[in-house]
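What follows is a set of notes on a single structure, which appears directly below.
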Amino acid sequence: MTPVIAVSNLSKTYATGFQALKRINLEIRRGEIFALLGPNGAGKTTLISIVCGIVNPSEGEVLVDGRDIAAHYRTVRSMIGLVPQELTTDAFESVWATTSFSRGLFGRPPNAAHIEKILRALSLWEKKDDRVMTLSGGMKRRLLIAKALSHEPQILFLDEPTAGVDVELRKDMWNIVRALRDSGVTIILTTHYIEEAEEMADRVGVIAKGELLLVEGKEALMRKLGRKQLTLQLRERLAEVPAALAKYRLELNAEGSAVVYTYDTQAERTGITALLDDMGAAGIGFIDLHTDQSSLEDIFVDLVRTTR
Amino acid sequence: MNLYAVRAIYHFEMARAWRTLMQSIVSPVLSTSLYFVVFGAAIGTRITEIDGVGYGAFIVPGLIMLSLLTQSISNASFGIYFPRFTGTIYELLSAPVSPPEIVLGYVGAAATKSVILGLIILATAGLFVPLRIEHPVWMLAFLVLTAFTFSLLGFIIGIWADGFEKLQVIPLLVITPLTFLGGTFYSVNMLPPFWQAISMFNPVVYLVSGFRWSFYEIADVDVALSVAATLGFLLLCLASVWWIFRTGYRLKA
Ligand SMILES: Nc1ncnc2c1ncn2[C@@H]1O[C@H](COP(=O)(O)OP(=O)(O)O)[C@@H](O)[C@H]1O
Ligand SMILES: [Mg+2]
């Protein structure tokens, strides 16, 4: 199956001379939720803006549904909806008018039933005749989604959809996104919240300083790069880790009552058996143990550190 | 052709005019009336007629031109500058619309408003002085072409401007002086020869002269020249807009 979006060797150098994207290669699969994860200034918005036609690329090619975005801009753009990062809305227009405007702009004939359906789904129906400037921040965010969905796009870009949104709204947003995916829309969201990528995405692309560091299925990413930590509660307190165990680089807690062993789940052998054997030989007993999986946060910090 | 988009933009811009109805209509009607009181009544007692036309009636075409030029520019420049300022331009840039469609929507709406405005001023003027329109078709043609051309100029200014004050600069510092010096309130032929020659470099002279000809068949310059100047300026503006979209100038990073 052809990818719904194929980005190849995409670079962007702004007029200031700043290179925001460096030879990005990326394929988005039809119907997935893809999270583009990276810190502020990584180039997420730039990448999205190029695909949507707002920023001109310096080099490279973007195909949407197999078509070049410049040569076939009409077909391509009518397939795409964009929810921008900033709350950029009209002020004096009504919710209904601004949403209908978007549908027309994207080349669709008026369809009051569809607009109504979207406004209801986003809990904006009661506000349909209100001026946009009277809406709260959360409502404006939902209005931007409504505008982006007004022309029934197959692909939806959400640029930091939950930045500055409170916990409750964030959960709402996640539910909206899942419902959209279930209706067959491909979703690309950017975020600098790892928890969001972890919660929402089928696949995650990690981007930093204009480079796409890796693209993985979320689980695979966790598995591949996940470190685990084994914590052993000791039978007797230790003042320090014996020299015989130095090679395991154990961390002793402040009270001396537990040691933490960090291992790589990817490694051929984890070293756990050897550690336990050597501890036995050194006469150190333990009364309990547990393991922790590292979060995407740790993975991310690792990745960004290694690319510096 | 994405006609739905043209329609959406056009309606959006026209809706803005309805919201600001007072500004859009009442203020030009008021200022036109003031011109008649001040210029018509005061000066009109000294200059009774020019080229066989009563002074009050003589200034009507020029007055309409003055409003047409300044309002076309400010309407169109604001229409495209505002979304750039607020950031809502992202939607236009990401939409499946071509440059001609964008221009048709924005400039078409601004020009429509100007033409309506011109007709309102004409009607207001009719309350003060007896009007005569010898060539109504030419009159409308000049009205529509000039409105469209200067709305295009406004569109260009709205893309070039990087602050609200810049929107005002050209209408205030260029268009208004040129209009006042362009034979709006007098016939260029009344000037000393030196100033007559200088006036020929003022493009507004050609616009006002042609427009006045369509009313009274009196003109400062040959009508053919007026038509050529109007069309030439239209082409110049079209070429500039074409260049803006081709290069993405100030619209796309
Ligand atoms: N129009 C622009 N001109 C110059 N530099 C820009 C422009 N837009 C963004 N940048 C720079 O490009 C980098 C990436 O920006 P952006 O794509 O917005 O990152 P992100 O969305 O990941 O936070 C940033 O360093 C930003 O300052
Ligand atoms: Mg961003």
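Remarks
- Residue check for B:Ser214: at pLDDT 95 or above and surrounded by 14 or more Cβ atoms within 10 Å (Cβ to Cβ): yes
- Counting residues in segment A:125-132 that are aromatic (Phe, Trp, Tyr), away from ligand 1 (no atom under 16 Å from the Cβ), under 28 Å from the mean Cα position of the chain (by Cα) and open to solvent by 10 Å² or more (accessible area, probe 1.4 Å) gives zero.
- Within the option set B:Ser214, B:Ser240, being touching a residue at least 40 places away in the same chain (Cβ under 8 Å), polar (S, T, N, Q) and more than 30 Å from B:Asp51 (Cβ to Cβ) holds for one residue only, B:Ser240.
- Flag for B:Ile73 being under 12 Å from the mean Cα position of the chain (by Cα), of a type outside the set (S, T, N, Q) and open to solvent by less than 10 Å² (accessible area, probe 1.4 Å): yes
- Looking only at segment B:219-253, and only at residues there that are in a loop (DSSP other than H, G, I, E, B) and of a type outside the set (A, V, I, L, M), the one that is farthest from B:Gly183 (Cα to Cα): B:Lys252
- Residue count for segment A:4-33, restricted to those that are touching a Gly at 6+ places or on another chain (Cβ under 7 Å), within 14 Å of chain B (Cβ to nearest Cβ) and outside any strand (DSSP E or B): 0.
- Filter pass, A:Thr46 being open to solvent by 40 Å² or more (accessible area, probe 1.4 Å) and either modelled with pLDDT of 95 or more or within 13 Å of ligand 2 (Cβ to nearest atom) (or both): no
- Residues of segment A:55-107 that turn out to be out of contact with any helix residue (DSSP H, G or I) (no Cβ under 8 Å at 6 or more places or on another chain), at the interface with another protein chain (Cβ under 7 Å from one of its Cβ atoms) and not acidic (Asp, Glu), as a count: 3
- Filtering segment B:76-100 to residues that are open to solvent by 10 Å² or more (accessible area, probe 1.4 Å) and under 18 Å from B:Pro28 (Cβ atoms) leaves only B:Phe78.
- Flag: A:Ser8 matches the condition of being open to solvent by 30 Å² or more (accessible area, probe 1.4 Å) and more than 21 Å from B:Arg246 (Cα to Cα).
- Yes/no for A:Pro161 being assigned by TED's automatic domain parsing to the domain that holds A:Phe106 and within 16 Å of ligand 1 (Cβ to nearest atom): yes
- Sole residue being closer than 30 Å to A:Ile194 by Cβ and either of a type in the set (Gly, Ala, Ser) or over 17 Å from the mean Cα position of the chain (by Cα) (or both), chosen from A:Asn56, A:Asn9: A:Asn9
- Within segment B:2-14, being open to solvent by 30 Å² or more (accessible area, probe 1.4 Å) and at the interface with chain A (Cβ under 7 Å from one of its Cβ atoms) holds for B:Tyr4, B:Arg7, B:Phe12.
- Restricting attention to segment A:24-43, the residues that are in contact with a helix residue (DSSP H, G or I) (Cβ under 6 Å, 6 or more places away or on another chain) and within 13 Å of ligand 2 (Cβ to nearest atom) total 3.
- Within segment A:50-61, considering residues that are closer than 19 Å to A:Thr75 by Cβ and within 14 Å of ligand 2 (Cβ to nearest atom), the one most open to solvent (accessible area, probe 1.4 Å): A:Ile54
- The listed residue being in contact (Cβ under 8 Å) with a residue 60 or more places away in the chain and aliphatic (A, V, I, L, M), out of A:Leu87, A:Leu26: A:Leu26
- Only listed residue being open to solvent by 50 Å² or more (accessible area, probe 1.4 Å), assigned to a helix (DSSP H, G or I) and over 18 Å from A:Ile287 (Cβ atoms), chosen from A:Ala274, A:Ala244, A:Ala239, A:Ala220: A:Ala244
- Residue match in segment A:76-90 (condition: of a type in the set (A, V, I, L, M), within 24 Å of A:Tyr193 (Cα to Cα), under 21 Å from the mean Cα position of the chain (by Cα) and open to solvent by 60 Å² or more (accessible area, probe 1.4 Å)): yes
- Failed criterion for A:Glu195 (all others in (1) farther than 24 Å from A:Asp264 by Cβ; (2) assigned by TED's automatic domain parsing to the domain that holds A:Ala163; (3) loosely packed, with under 14 Cβ neighbours inside 10 Å hold): (1)
- Some residue of segment B:162-176 being among the acidic types (Asp, Glu) and outside any helix (DSSP H, G or I): yes
- Per the listing B:Gly62, B:Gly44, B:Gly52, the residue uniquely touching a helix residue (DSSP H, G or I) at 6+ places or on another chain (Cβ under 7 Å), farther than 24 Å from B:Val144 by Cα and more than 10 Å from chain A (Cβ to nearest Cβ) is B:Gly44.
- Candidate set: segment A:252-269, residues that are more than 35 Å from the chain's Cα centre (by Cα) and loosely packed, with under 14 Cβ neighbours inside 10 Å; chosen: the one farthest from A:Arg235 (Cα to Cα): A:Ala254
- Options B:Val227, B:Val204: the member that is among the hydrophobic types (A, V, I, L, M, F, W, C) and crowded, with 21+ Cβ neighbours inside 10 Å: B:Val204
The values are calculated or read from the model by the stated rules, or taken from the named source; none is laboratory data. Just so you know, these numbers come straight off a predicted model, no measurement behind them. FYI the Cβ positions are ideal-geometry reconstructions off the backbone, even for glycines, and counts take in every protein chain you see. Protein only, heavy atoms only, side chains kept; ligands, DNA and RNA dropped before computing areas. Shrake-Rupley method; radii C 1.70, N 1.55, O 1.52, S 1.80 Å.
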